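The values are calculated or read from the model by the stated rules, or taken from the named source; none is laboratory data. This is a predicted model, so every value here is computed, not measured. Note that each Cβ is placed from the backbone with ideal geometry, even for glycine, and that neighbours are counted across all protein chains shown.
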Amino acid sequence: MSIKDQVIAIIAEQAMLEPSDIQMENTLEDIGIDSLGLVESIFAIEETFDISVPFNANDPSAGDFDISSVAAIVAAVEKLKSEQAA
Amino acid sequence: MGRVVITGAGTINPLGSDMPSTLLAMQEGRCGIGPLEIEDVDRLSIQIGGQIKGYDEAAHFNRQQIALYDRFTQFALLAAREAIGQSGLSFSGELADQSGVIFGTSGGGLNTQDENYRAVYEAGKNRVHPFIVPRLMNNAATSHVSIEWNLRGPTFTVATACASSNHAMGQAFNMVRSGMAKVMVTGGSEAMLCFGGIKAWEGLRVMSRDACRPFSATRNGMVQGEGAAVFVFEDYEHARARGAEILCEVAGFAMSSDACDIVTPSKQGAARAIGGALKDAKISKDSVGYINAHGTGTAANDKTECAAVADVFGAHADRLMISSTKSMHGHLIGGTGAVELIACIMALRDGIIAPTIGYEEADPECALDVVPNVAREAQVEVALSNAFAFGGMNAVIALRRH
């Protein structure tokens, strides 16, 4: 499974939706993921990809990790994964 | 001061997953203690407990709820659903603001702590699930019940070891009696049967390897249990006005501190709490028909408790019945007083006295009518429930037949 599909699967499970219901341009708010759902999603992403996500729940916009849309999260995970490989 | 009645009761414990099955088990003198089924049990020297077997959390809660609910929270929510369901109450507007939750627990989310210490220390993981703190905190059960039922008044958790539930219910009683609250959802919950939870108790050398036999000369220690019981304490006039079914009246409560030793019980401290509850309820000693004992099955507790009862009641001590249902469900630590209150309600309402099972041989230092092995029919006007905790904290509740 691609990184994109895996991230979508994690987000869909958190939102209690089917992966096919998730659009890349959706924001987390659009699909009903609240702040607790967000930290759980990030935990699942870290566990799945064996990466450490720079995310501070006190100030979600502060870190490098862009959570403004599903596409942004996928891109951020791809970036972290490629840095890890380098 | 107002009067306080119980209009709902619910439970899940080693004897049953609801009130009817628990009452039946207590009447039959059934034992809910057996081999523990937990991780690393082979490294424990104590391998028995009052464990709730065949429990499937997914049958009651969805994945997201389970991420937030430790086992002790799940037990409290299930017991609260039964209790509030029976009461027929729903909470909105002013009633919601005047109603709250007080539960006792000692270990709180101990399974969550145990699992995650295991993950970081033993498995060497460097990351834990984000909800460990809200899952393990001692007030989690209280908070989730308040959230599920919209109870917006006085709400907190009491942790006084083995007296936690009695202290919690005593507070709830006084809040309703004083007019501070109309309805209080109260009781206690405990889920301590994990490797760390048992291992710590092993260290004290007070645990039995085979059975809990309170008051029997052959007793050799306590056995841990798990579970929850929840009650709806309601202002009597409020309950009467809505035609609620009343299970019994909460008549009095007292607490005391031994101010003596951190683990050894004190006869004087226990006697002051028992006598205090009678005084608070304005009940004469002679009207007490049944005492649900703290009765842990340790050498120290049982003889001290019997001496305290003899001191308070004098000649009447030989006429009342005193049993320890811990022989059946084990010691639920912070939840124990709540589950034991069920036996008091059964005595008052159904006229059935739960037995002390596992009783083999009389002990001259426990020479009271301990209702050995077989339940008994008897009409009881007043019942007491004793709880005496490590730390020297004693809490006794008096219930009256309605």
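A few notes on this one:
- Residue pairs whose Cβ atoms lie under 9 Å apart, sitting 6 or more positions apart in sequence or on different chains, and linking a residue in region B:23-40 that is on the phi > 0 side of the Ramachandran plot to a partner that is in a loop (DSSP other than H, G, I, E, B), are B:G29/B:A354; B:G29/B:P355; B:G29/B:I357; B:G29/B:N373; B:G29/B:V374; B:G29/B:A375.
- Boolean, B:A343 is touching a residue at least 12 places away in the same chain (Cβ under 8 Å) and more than 28 Å from B:W201 (Cα to Cα): no
- Identification of helices (runs of 4 or more DSSP H) wholly contained in region B:259-344 with 1 or more residues that are surrounded by fewer than 19 Cβ atoms within 10 Å (Cβ to Cβ) and not assigned by TED's automatic domain parsing to the domain that holds B:A141 yields B:267-281, B:299-313.
- Any hit, region A:16-39, residues being within 14 Å of chain B (Cβ to nearest Cβ) and among the polar types (S, T, N, Q): yes
- Look at (1) within 21 Å of the chain's Cα centre (by Cα); (2) crowded, with 24+ Cβ neighbours inside 10 Å; (3) part of a loop (DSSP other than H, G, I, E, B) and you find that B:N166 fails only one, number (3).
- Restricting attention to region A:40-66 and to residues that are among the polar types (S, T, N, Q) and within 11 Å of chain B (Cβ to nearest Cβ), the residue that is surrounded by the fewest Cβ atoms within 10 Å (Cβ to Cβ) turns out to be A:S52.
- Matching option when the condition is within 30 Å of A:E13 (Cα to Cα), in contact with a strand residue (DSSP E or B) (Cβ under 8 Å, 6 or more places away or on another chain) and of a type in the set (A, V, I, L, M), among B:L36, B:L89, B:L78: B:L78
- Residue list for region A:67-86, filter: aliphatic (A, V, I, L, M) and either farther than 24 Å from A:M1 by Cβ or surrounded by fewer than 10 Cβ atoms within 10 Å (Cβ to Cβ) (or both): A:A85, A:A86
- Looking only at region B:22-46, residues that are surrounded by fewer than 15 Cβ atoms within 10 Å (Cβ to Cβ) and of a type in the set (S, T, N, Q) come to 1 in all.
- Residues satisfying the stated conditions in region B:60-96, i.e. within 14 Å of chain A (Cβ to nearest Cβ) and in a helix (DSSP H, G or I): B:R63, B:Q64, B:Q65, B:I66, B:A67, B:L68
- Positions within region B:105-151 being within 13 Å of another protein chain (Cβ to nearest Cβ) and surrounded by 15 or more Cβ atoms within 10 Å (Cβ to Cβ), in sequence order: B:N116, B:A119, B:V128, B:H129, B:P130, B:F131, B:I132, B:P134, B:R135
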